[in-house]
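The values are calculated or read from the model by the stated rules, or taken from the named source; none is laboratory data. These numbers were taken from a predicted model, which means no experiment stands behind them. Reconstructed Cβ throughout: ideal geometry from the backbone, glycine too, with neighbour counts over all protein chains shown.
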Amino acid sequence: HYDAFPAVVEEYMDKVNAKLGTDYKLFNYYGAPDADRVIVAMGSICDVIEEVIDYLNAHGEKVGLVKPRLYRPWVSARFCEAIPASCTKLAVLDRTKEPGSAGEPLFQDVITALAQEGRSIGTVTRGRYGLGSKDTPPSSVFAIYAELAKDEPKREFTIGIVDDVTNLSLPEDENCPNTAAEGTIECKCWGLGGDGTVGANKNSIKIIGDHTDKYVQAYFQYDSKKTGGITISHLRFGDNPIKSPYYVNKADFVACHNPSYITKGMRIVQDVKPGGSFLINCQRDMEGLEEHLDAASKRYIAANNVQLYTIDATELAIQVGMGKRTNTILQSAFFTLSGVLPQADALQYMKDAATRSYMKKGQDVVDCNHKAIDAGATAFHRVEVPASWADAVDTTTAPELVGRPEVIKQVTQIMKPVGNMDGDRLPVSVFMDHVDGQFETGAANYEKRFVAVTAPTWDPEKCIQCNQCTFVCPHACIRPYALDAQEMAGAPAQTKHAPVKAGKAKGLYEYSLAVSPMDCMGCGVCIGMCKVGAIEMAPAEREFEQQESFDYCALNVSVKPETVDLTLKGMQFKHPLLEYSG
């Protein structure tokens with residue numbers, strides 16, 4: 001039965017081919033008929049390899065790909081027939097790792113088949129890819145063919161990582177040629193989990209797919225935080241079929257929907273193609289961009305003629321009645337700047353979609369969305385890039401972290417890059433202290449994510465010092481402190497305070513409600529709890545100076561016995577056990 005099975009599969013493949021015009025075989029070959037370098041691979045990586053093959057063969061090289069369609073039972077004769085007679089070097093890719101083995105499953109089948117059929121190929125190498133859902137872009141495939149072109153290529157290699165321990169990784173060029181289908185427009189949007197960015201981009205894909213003849217593709221990337229974490233939307237549109245089963249690495253249009261990503265120095269503008277557009281949602285003028293945009297980003301913008309735009313979608317959303325929901329405004333700006341559709345058509349399609357989605361919630365909600373769509377189409381501003389950005393140099397240095405050396409090492413080498421979505425660039429060596437999976441504890445206080453667009457601002461004169469806001473804060477980013485004279489003397493100048501108004505501590509201490517805008521999630525629960533209006537939400541960037549006061553109080557202000565009792569108010573003066581949300 002096993003011996004008969006390949007013939008049955010082949011019979012039905014022929015029937016499918018006749019009906020659908022496909023070309024399914026037990027082993028398909030793609031590439032130059034006289035290729036000298038061939039890859040053997042299965043799965044979606046084949047689409048990436050085919051893109052690279054098209055590019056290399058168009059530029060005078062001779063490369064190919066063998067795609068096994070029927071893995072079991074393996075038919076050695078048919079496999080060898082699929083390999084061009086001109087092939088002298090073969091690379092077999094497995095998406096698995098079997099430590100201690102002589103090779104992974106597909107590689108073992110390939111070398112066994114070659115031996116059984118007496119087929120001699122000068123060099124047969126094996127490689128690993130895609131472990132842990134690691135993205136495999138064209139740069140990885142270019143690296144494989146470049147390695148095969150060497151007189152003595154590595155017999156074993158891995159792609160997609162920087163292996164500086166066993167040195168099996170291949171060097172990859174992030175600026176490799178773009179192999180996507182000709183005319184494809186690529187876009188990338190950085191958002192915050194729960195801010196509507198992903199939903200808006202899914203809506204954009206549907207609009208373009210439903211109302212044009214263009215092919216569309218979308219991938220959505222999330223960090224481990226989900227809601228409140230980083231999201232990246234990867235969009236492609238074009239007049240030709242789109243393969244490209246990998247994330248967008250260089251985009252015609254990039255949008256940063258959360259201003260904190262700029263403040264943190266994340267590699268976002270580097271995703272823009274030369275001459276492409278970069279949209280930042282922020283409340284900053286040119287002076288603010290000069291201060292907060294890092295030097296590397298400034299140099300990239302100037303060197304690559306990036307068209308820089310800003311939009312204050314946060315304030316605009318409040319004005320049109322959308323609250324904190326900026327996604328509709330930014331989606332409208334995307335359609336205008338990307339040029340995927342005529343502006344008038346895109347806006348009308350968006351309004352039609354909003355009407356269908358929100359009519360059940362009332363005409364007022366529909367009208368708010370329509371106003372947001374109209375506002376976003378024109379609210380962005382072009383920024384004239386100063387000539388000085390070409391030679392920009394960072395004038396500030398990151399504050400030195402204080403703590404246990406092993407924790408600081410973990411934070412700087414692993415946590416910070418991972419938090420900035422740069423984890424894929426980390427070399428293997430930085431994990432050598434954690435090969436057993438153990439990581440240092442007490443590191444959450446170093447993870448200042450600064451993701452809130454708005455953060456609480458405290459008015460000491462209105463405050464009745466009830467501490468209810470600190471009780472309901474789910475992230476412990478609002479904390480009450482009682483400071484004595486010595487602690488007040490060492491406090492930062494911007495520290496807000498007022499005399500303790502009641503209880504045993506009255507007349508002894510100064511009361512301060514410290515706010516950490518870098519830990520705040522902008523949920524606004526504290527606002528709803530305050531009955532006297534002593535707390536309001538303000539742009540988080542304007543509250544950034546309060547971070548120093550919060551850090552000072554958290555590290556230097558002691559718990560005073562006179563303030564602590566078993567009441568709700570008194571318990572809030574104790575050190576929180578769930579100190580940082582992480």
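Descriptive notes on the structure:
- The residues on offer are Met537, Met529, and the sole one that is surrounded by fewer than 21 Cβ atoms within 10 Å (Cβ to Cβ), touching a strand residue (DSSP E or B) at 6+ places or on another chain (Cβ under 8 Å) and either at pLDDT below 90 or not basic (Lys, Arg) (or both) is Met537.
- Taking residues in region 339-352 that are of a type in the set (Ser, Thr, Tyr), and partners anywhere that are part of a loop (DSSP other than H, G, I, E, B), the pairs with Cβ atoms closer than 8 Å and at least 6 places apart or on different chains are Tyr349/Leu341.
- Candidate set: region 455-475, residues that are surrounded by fewer than 17 Cβ atoms within 10 Å (Cβ to Cβ) and of a type in the set (A, V, I, L, M); chosen: the one farthest from Gly229 (Cα to Cα): Ile464
- Condition check for Phe439: outside the structural domain of Phe550 (by TED's automatic domain parsing), modelled with pLDDT of 95 or more and touching a helix residue (DSSP H, G or I) at 6+ places or on another chain (Cβ under 8 Å): no
- When region 436-454 is filtered for residues that are among the aliphatic types (A, V, I, L, M) and either surrounded by fewer than 18 Cβ atoms within 10 Å (Cβ to Cβ) or under 18 Å from Gly191 (Cα atoms) (or both), the ones remaining, listed by number, are Ala444, Val451, Ala452, Val453.
- Taking the criterion of being hydroxyl-bearing (Ser, Thr, Tyr) and under 42 Å from the mean Cα position of the chain (by Cα), the only residue of region 75-94 that qualifies is Thr88.
- When Thr179 is tested against (1) hydroxyl-bearing (Ser, Thr, Tyr); (2) crowded, with 17+ Cβ neighbours inside 10 Å; (3) in the same structural domain as Val52 (by TED's automatic domain parsing), only condition (3) is not met.
- Any hit, region 508-520, residues being acidic (Asp, Glu), at pLDDT 90 or above, surrounded by 14 or more Cβ atoms within 10 Å (Cβ to Cβ) and over 25 Å from Gly288 (Cα atoms): yes
- The residue that is nearest to Phe220 (Cα to Cα), counting only those in region 238-270 that are out of contact with any helix residue (DSSP H, G or I) (no Cβ under 9 Å at 6 or more places or on another chain) and surrounded by fewer than 20 Cβ atoms within 10 Å (Cβ to Cβ), is Tyr247.
Yes/no per residue for (1) free of Cβ contacts under 8 Å to residues at least 40 places away in the same chain; (2) surrounded by 23 or more Cβ atoms within 10 Å (Cβ to Cβ); (3) at positive phi:
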position: Glu291; (1), (2), (3): yes, no, no
position: Ala295; (1), (2), (3): no, no, no
position: Ala303; (1), (2), (3): no, no, no
position: Ala313; (1), (2), (3): no, yes, no
position: Gly323; (1), (2), (3): yes, no, yes
position: Thr326; (1), (2), (3): no, yes, no
position: Gln331; (1), (2), (3): no, yes, no
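- Every residue from region 530-582 that is assigned to a helix (DSSP H, G or I) and among the acidic types (Asp, Glu): Glu541, Glu543, Glu548, Asp551
Every residue, every condition in (1) under 18 Å from Ser86 (Cα atoms); (2) within 33 Å of the chain's Cα centre (by Cα); (3) crowded, with 17+ Cβ neighbours inside 10 Å, yes or no:
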{"site": "Val8", "(1), (2), (3)": "no, no, no"}
{"site": "Glu11", "(1), (2), (3)": "no, no, no"}
{"site": "Asn17", "(1), (2), (3)": "no, no, no"}
{"site": "Asp23", "(1), (2), (3)": "no, no, no"}
{"site": "Asn28", "(1), (2), (3)": "yes, no, no"}
{"site": "Pro33", "(1), (2), (3)": "yes, no, no"}
{"site": "Ile53", "(1), (2), (3)": "yes, yes, yes"}
{"site": "Gly60", "(1), (2), (3)": "yes, no, no"}
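- Counted residues, region 77-123 - those being buried (at least 18 other Cβ atoms within 10 Å of the Cβ) and either free of Cβ contacts under 8 Å to residues at least 12 places away in the same chain or of a type in the set (Val, Ile, Thr) (or both): 3
- The set of residues in region 229-274 that are aromatic (Phe, Trp, Tyr) and part of a loop (DSSP other than H, G, I, E, B) comprises Tyr246, Tyr247.
- Filtering region 372-387 to residues that are in a helix (DSSP H, G or I) and either aliphatic (A, V, I, L, M) or not assigned by TED's automatic domain parsing to the domain that holds Lys324 (or both) leaves Ala372, Ile373, Ala375, Ala387.
- Among the residues listed as Asp109, Asp94, the single one being within 29 Å of Tyr2 (Cβ to Cβ), touching a Pro at 6+ places or on another chain (Cβ under 7 Å), modelled with pLDDT of 95 or more and not hydroxyl-bearing (Ser, Thr, Tyr): Asp94
- Filtering region 547-567 to residues that are modelled with pLDDT of 95 or more and in contact with a helix residue (DSSP H, G or I) (Cβ under 6 Å, 6 or more places away or on another chain) leaves only Val557.
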